[in-house]
Every structure is written in C-alpha cells, then in structure tokens.
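*Asks:* Can you read through this structure? Questions will come right after.
The values are calculated or read from the model by the stated rules, or taken from the named source; none is laboratory data. What you see is a predicted model, and the numbers here were worked out from it, not measured in a lab. Neighbour counts run over all protein chains shown; Cβ positions are idealised from the backbone, glycine included. To get the accessible areas, we keep the full protein, side chains included, count just its heavy atoms, and leave off ligands, DNA and RNA. Shrake-Rupley method; radii C 1.70, N 1.55, O 1.52, S 1.80 Å.
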Amino acid sequence: MKRALVLAGGGSRGAFECGAIDFLVNEAGLDFDIFLGSSAGALNAAVLGSARNYRELVKQSRELRELWLNIRGNRSIYNSSKFGIINLLLYDALHNPVGLRRLLAEHVDPARLCSNPSKFIKVGTVAIETGELFFADSRCRESEPHLRDYILASASIPVYFPPVKIDGKHWYDGGLRDITPLGAAFEECPDEIVVILTFPVNQDLEPVLPEVRYRGPFHALLRAFNILTSEISANDLQYARVINKHTRLFPGTRRIPIRIISPSNALAGELLEFDPEIIRENIKKGFEAARNLLFQSKPEILKI
C-alpha cells in the first residue's frame with residue numbers, strides 16, 4: 001500500500017504530531033512512503049523521510065521523539081532580544097532561529113533524503129515577492145543544496161523569523177497558503193492518506209479555536225496567523241471531502257481514504273512557546289489521539 005503522511009504546521013504544537021507518529025509507526029505498525037509538511041510539519045517530515053524502509057522508519061520516529069524531548073525551551077529553537085523592535089527593523093525579524101538551524105544540521109541529511117529511492121518528502125514554502133507556493137521535493141536532485149533552507153523557510157513565520165533567501169527570492173512559512181498540504185498529497189495518488197492536525201475540528205471540519213485574552217499587538221499578530229492558517233487547513237480538508245464524495249465530478253481523481261488525527265481540545269502552549277513540560281504533554285496527547293482513531297471499527301474517511 002502506498003501511504004502518505006500529511007503533517008500540518010503549528011509551531012511548538014508539532015510535538016502533538018510526534019506523539020501521533022510514535023503510535024502509528026511503533027504501535028500500529030504503519031509504514032509511509034510519502035511525507036508532506038509545512039512549518040513544524042516540514043521538520044517532522046524531513047526527519048522521517050530519510051528512512052529507506054519500515055525498520056529505518058521506526059528508528060527515525062524514535063529520533064524524532066528524542067528531538068522533541070530534548071528541547072529545553074525557546075532558546076533550543078530561537079534567540080530573542082530585548083531590542084526586538086530594533087531587530088525587526090535591522091534584520092527583518094523579532095527572533096533569530098539559530099537553534100532550529102542547529103536541529104536541521106543535526107537531524108536532516110539532504111544527500112540521504114535526495115538519494116532515497118523508496119520514500120520522499122515535500123515541504124511547502126511561499127515566496128514573498130510573487131506569492132507562489134513551492135514544494136521542495138526530495139526526488140529532485142536540484143533541491144539538495146537548498147533542502148535544509150527550504151525546510152527552515154517553511155517554519156519562518158513573517159515578522160517573528162527572518163525570510164530565507166534562495167535563488168534571489170525571500171521564502172516564508174508555507175502555511176501562508178497551504179498549512180495542510182492535502183492537494184500535494186492527492187497529486188501523488190496514494191492508496192491512503194493520514195493527516196495529523198495540531199488543532200481540533202468539529203464534525204463539519206471547521207477549526208475549533210479557544211478564546212484567548214488580548215496581550216498586545218505581537219500576540220495579536222501571532223493569533224491572527226493561527227486563525228488564518230487553521231482556516232486554510234480546514235478549507236483543504238473540506239475540499240478533499242467534496243472530491244472524495246463526488247469523484248465523478250472531478251476527472252482524473254479517485255476516492256482516497258483519509259484518516260484525520262486531531263486533538264479533541266485546543267493544545268496547551270502558544271505557537272512559539274517551547275516549554276519542555278508542555279511539549280511532553282502534547283506528545284502524550286498525540287499518542288492518545290492516534291490510538292483512539294486506530295481503535296475505531298473502520299477508518300475515518302473525512303467524517304463522511
């Protein structure tokens with residue numbers, strides 16, 4: 001079976017995906033051939049995508065879990081400064097993702113990813129100059145020199161992190177246009193798609209967002225980004241449901257079973273809050289959410 005794993009963005013809430021992956025691979029014994037992600041999902045996909053077979057996927061899933069468990073706080077991902085506004089004016093961002101660059105150097109091998117004959121990754125990013133959505137594909141050897149850069153760009157939230165300059169363009173978070181890359185998954189014609197979200201959805205596949213208190217303009221900007229990306233993701237899910245339900249209206253398509261794993265309630269922590277205790281809690285929630293879904297009597301096909 002050709003199976004695709006689609007990983008949504010969500011900053012620190014990508015730990016939920018890690019927990020779900022732990023159950024899917026190590027407990028349910030599921031193998032995957034295609035790994036697609038944006039933002040935090042791009043990092044998770046890149047770590048898993050270097051596996052050449054199921055045995056190596058087990059190893060990579062455990063490495064991914066250790067990566068998340070070894071995060072000791074925000075400084076494991078980025079450096080902040082009390083001169084945030086000055087940094088924004090001088091360096092195009094409030095934070096410097098030095099820790100994330102280090103994690104990519106330690107856990108992502110572009111040469112291995114781009115020479116993998118059996119599994120591949122696609123990570124989404126957006127060029128600010130043109131607005132184009134681009135998926136860096138490990139099957140394309142031309143992507144190898146910049147693959148880590150594209151993964152970093154996929155997690156670069158505007159204002160908070162600097163853009164990544166590649167081939168004369170400035171690239172940002174793929175979530176600006178496609179936080180849950182289902183369309184890119186359908187293009188690969190898999191036999192099954194597993195989608196892991198980092199936010200809860202209701203029976204109509206609408207995002208369920210918690211009420212929060214106002215804490216200033218920068219928090220409001222991050223909240224707005226969260227609302228925007230959740231809505232984009234929900235629209236993708238709803239569109240996929242329509243395709244699955246009415247395949248005869250979409251020439252060249254076929255019904256693809258889609259399992260959706262999402263938290264039952266809003267996950268703890270802010271998008272850029274990398275608290276070790278919260279990460280552990282969200283890993284546990286992801287494991288439990290995947291177990292609850294797989295224990296159902298039949299696959300969940302987009303709530304149909």
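*Asks:* Taking the Cα of ILE85, stepping 7 Å toward and past its beta carbon, and measuring to each backbone N in segment 220-256: which are under 17 Å?
*Replies:* Counting only backbone N, you get 220-221.
*Asks:* With a 1.4 Å probe and all protein chains left in place, how much of the accessible area of the chain comes from carbon and sulfur atoms, in whole percent?
*Replies:* 52
*Asks:* In square angstrom, what is the accessible area per residue of the chain with a 1.4 angstrom probe?
*Replies:* I get 44 Å² per residue for the chain.
*Asks:* On to the next question. Roughly speaking, what is the centre-to-centre gap between segment 163-225 and segment 257-292 when only Cα atoms are used, to the nearest Å?
*Replies:* So the two Cα centres are separated by 15 Å.
*Asks:* If you count, for each residue, the other Cβ atoms within 10 Å and average over each peptide, how do 98-104, 278-284 line up from highest to lowest?
*Replies:* Top to bottom by mean Cβ count within 10 Å: 278-284, 98-104.
*Asks:* For the chain, give me the percentage of DSSP beta bridges that are antiparallel, rounded to the nearest 5 percent.
*Replies:* So the antiparallel bridges amount to about 40 percent of the total.
*Asks:* Rank by packing, highest mean first: peptides 10-22, 132-144, with packing defined as the count of other Cβ atoms within 10 Å averaged across residues.
*Replies:* Averaged packing, sorted descending, gives the order 10-22, 132-144.
*Asks:* Largest first, what is the accessible-area ranking of HIS246, HIS95 with a 1.4 Å probe?
*Replies:* HIS246, HIS95
*Asks:* Right, here's the next one. Stretch HIS107-ILE227 to full length: gain in nm at 0.36 nm per residue minus the Cα-Cα span?
*Replies:* 40.2 nm
*Asks:* Still on this model: Quote the FRET efficiency, to the nearest 0.05, computed for VAL98 versus THR253 with a Förster distance R0 of 51 Å and r equal to the Cβ-Cβ distance.
*Replies:* In this case the efficiency is close to 0.75.
*Asks:* Grab the other residues whose beta carbon is less than 14 angstrom from that of ARG254, score K and R as +1, D and E as -1, and report the net.
*Replies:* Once all neighbours under 14 Å are counted, the net charge is 0.
*Asks:* So if each residue of separation counts as 0.36 nm, and I subtract the Cα-Cα distance between ARG139 and GLU56, what length gain in nm does that give?
*Replies:* 28.0 nm
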